[in-house]
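The structure under discussion appears below in the form of structure tokens.
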Amino acid sequence: MSENAPTAVADPLSPEAVKRPPPHVIVLFGATGDLAKRKLLPGLIHLLNADLLPEEVRIVGTSTSVLDDEEFRSLACAAITEFGKEDLVGDSWERFSELLSFATSGEEGDSGAVLAGRVREAEEEVGGEAQLLHFLSVPPAAAPSIVRELGANGLHENARIIMEKPFGTDLESARALNEEIHSVFAENQVFRIDHFLGKEAVQNILALRFANGLFEPIWNREHVSSVQIDVPETLDVGTRAGFYEKTGAFRDMVVTHLFQVLGYLAMEPPTSLRAKTLGDEKVKVFEALRPLDPEYVVRGQYEGYREIDGVAGDSDTETFVALRANVDNWRWQGVPFFLRTGKCLAEGKRVVTIMLREPALRMFPQSAGVHHHEHPNALVFDLGDPGSITAEFMAKQPGATMALGPARMTFSYDTSFEAANQLEAYERLIHDAMTGDHTLFTRADGIERLWEVAEPLLDAPPPVEPYAGGSWGPESAAELTPWNLAEEEEE
Ligand code: BG6
């Protein structure tokens, strides 16, 4: 374990938190991969243009592709042009391209030493004392050997490491991975990324709950009847079949993003927004999560998935999952949390729905238009970019009767705030890692607990059910909805 582990942690609420980080060399593992092209390279140039990269910085890309510096720059330029929001006008690209260099891993025998050489050169260019930031955008199986190489070549000193999910594939592998990482890096050097936590709209859950007196009083089992977290995607698995076939929707999305969102929704008010206190409260929710019951899980696979290159003809990988989770604590006992996500579905959305209980006394007759099961009071969080929050309720329709109709009030980010300061999730998280702020990252103990919760499902997964592309998933998923609960209650 490194003795030079950085300890300075910025206060997330202080103005210093948005100051420029100190000199850095950023090492991008998997620099020619999908994530680097779509998010990381476009994100880094946006940070540069927003003056949020260090004044002195170099970016060393590395992967198994054989590229020289110029070829890597061309790849970066093409990626930024296709996926970035930057206009590459003026000297923006010039400035960025000068920061880039590339080291092919596996090229000249000892790849770790080749990379170390390029990193040392980059350090000299930034003037000697640079903080290292390793971003591991690589398949889970590749991470342990990279961590070992970094240790063997001294690249763990004065360094931080960002790890991409999934962190292992089950409890045992997550523990082994954490041990492996901790044999080289101290925990405060490790930044486990879950990019959903970098989304403005997800952080806004905390603002809404804890900066207002309006919602927190109803945020419990007395008033909330169910919580739904939905992340349907229209995308298919595209060119990621190799990764997806081993991962599936549950590991790719639920045990990571959806459970993290659940953590924010269900946590007790932390005493501060510092990384430790916020992290402790989130982990307490995970501790209270009941181990998943496979009986309340539906797994689906879209028709045509097995024909994709790289997918087994008899693949059992789920591309859709719906499940019911329970948080066994005083606040949430008896409130089901319905989580659903999948590929190739009818719509792409990221939505949280907090359904509120029916008022204690039914004063309005059914004929007044109050069908609580059809139009429950609900708070709907659209976690898209930009996000929105909608309160859904019943209101009196104008006229001489007491007829009611569904109504809504919406707060929308794009019309309410100046969007210029907005950082995309990865941008925010890379910046936070450079300033040493762990607040929006996940912790080893939380991740291990989530794998523990997942264990019964991983041990005895229900069979995958086929569904048509463009649908809402297998029909049996309808059983895992609040509407089905309402019917159960009425029976
Ligand atoms: C990634 C998953 O972590 O999140 C992808 O691996 C998924 O399968 C993506 O499509 C969704 O993220 P976003 O930000 O596009 O909603």
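The values are calculated or read from the model by the stated rules, or taken from the named source; none is laboratory data. If you're wondering where the values come from, they're calculated on a predicted model, not measured in any experiment. Cβ placement follows ideal geometry from the backbone for every residue including glycine, while neighbour counts extend to all protein chains displayed. Quick note on the areas: whole protein, heavy atoms, side chains included, nothing else; ligands and nucleic acids left out. Shrake-Rupley method; radii C 1.70, N 1.55, O 1.52, S 1.80 Å.
Taking 0.36 nm per residue of separation and subtracting the current Cα-Cα distance, fully stretching the chain between His223 and Ser416 would add 66.6 nm.
Report, in deg cm²/dmol and to the nearest 500, the calculated mean residue ellipticity at 222 nm for the chain, where each DSSP H run with n ≥ 4 adds -39500 (n - 2.57) and the sum is divided by the residue count. Provide the component values of the computation, followed by the final result.
Details: 14 runs with 148 residues, N = 491.
Calculated from helices alone, the mean residue ellipticity at 222 nm is -9000 deg cm²/dmol.
Please list, short to long, the whole-number percent of alpha-carbon pairs of the range 196-350 in consecutive 5 angstrom bins beginning at zero. Result, from short to long distances: 2, 8, 16, 20, 18, 14, 10, 7, 4, 2, 0 percent. With the cut-off at 1.5 for a/c, could you classify the range 15-82 from its C-alpha gyration tensor as rounded, prolate or oblate? It is prolate, given that a/c is not under 1.5 and a/b is the larger ratio.
Taking every alpha-carbon pair in the range 274-402 and binning the separations at 10 Å intervals from zero gives 9, 23, 31, 23, 10, 3, 0 percent.
Within the shell defined by Cβ-Cβ distances under 12 Å, the residues around Ile146 carry a net charge of -2, with Lys and Arg each +1 and Asp and Glu each -1.
You can think of it this way: the chain between Leu235 and Asp51 has 62.9 nm of extra reach, that is 0.36 nm per residue less the Cα-Cα gap.
Shape verdict for the range 220-291, please, from the Cα gyration tensor: rounded (a/c under 1.5), prolate (a/b greater than b/c) or oblate. Prolate, since a/c reaches 1.5 and a/b exceeds b/c. Considering Cα pairs under 8 angstrom that are at least six residues apart, work out the relative contact order of the chain and quote it in whole percent. Reported relative contact order: 19 percent. The distance from the alpha carbon centre of the range 384-421 to that of the range 442-470 is 35 Å, rounded to a whole number.
The distance between label points at Leu458 and Arg20 comes to 4.4 nm (points 7 Å beyond Cα on the Cα→Cβ vector).
Compute the signed sum of charges (Lys and Arg +1, Asp and Glu -1) over the other residues within less than 14 Å, Cβ to Cβ, of Ala176.
On the way: positive: Arg148, Arg175; negative: Asp170, Glu172, Glu179, Glu180, Glu448.
Net charge in that neighbourhood comes out at -3.
Taken along the Cα-to-beta-carbon direction at a fixed 7 Å, the label points for Leu361 and Asp293 span 3.6 nm. The fraction of accessible area contributed by carbon and sulfur in the range 169-268 is 52 percent, rounded to a whole number (1.4 Å probe; ligands and nucleic acids excluded). Sites count as exposed loop sites when they are chymotrypsin sites (Phe, Trp or Tyr not before Pro), lie in a DSSP loop, and have at most 14 other Cβ atoms within 10 angstrom; the longest stretch of the chain without one is 1-329.
Give me the accessible area per residue for the chain, probe 1.4 Å, as a whole number in Å². Numbers along the way, then the final one.
On the way: 21790 Å² over 491 residues.
I get 44 Å² per residue for this part.
Computed from the Cβ-Cβ distance with R0 of 30 Å, the FRET efficiency linking Lys246 to Met409 stands at 0.10.
Is the chain rounded, prolate or oblate when judged by the Cα gyration tensor, a ≥ b ≥ c being the square roots of its eigenvalues, rounded requiring a/c under 1.5 and prolate requiring a/b larger than b/c?
On the way: a/c = 1.90, a/b = 1.64, b/c = 1.16.
Note, shape of the chain comes out prolate.
Grab the alpha carbons of the range 82-174, take their convex hull, and tell me the volume per residue in Å³.
Details: hull volume 13.4 nm³, N = 93.
Cα-based convex hull of the range 82-174, divided per residue, equals 144 Å³.
Ignoring ligands, DNA and RNA, what percent of the accessible area of the range 427-472 is carbon or sulfur (1.4 Å)? Please list the in-between numbers first.
Details: 880 of 1570 Å².
The nonpolar share, carbon plus sulfur, comes to 56 percent.
Full-extension gain between Asp69 and Thr271, please, as 0.36 nm times their residue separation minus the C-alpha to C-alpha distance.
Working: separation 202, 0.36 × 202 = 72.72 nm, distance 4.80 nm.
Length gained between Asp69 and Thr271: 67.9 nm.
Label point of Gln333 set 7 angstrom out along Cα-Cβ; within the range 271-302, amide nitrogens under 16 Å from it belong to 288-290.
A simple spin-label model places pseudo-atoms 7 Å from Cα toward Cβ; at Phe215 and Ser92 they are separated by 3.3 nm. With just the Cα atoms defining each centre, how far is the range 94-157 from the range 290-355? Give it in Å. About 37 Å separates the Cα centre of the range 94-157 from the one of the range 290-355.
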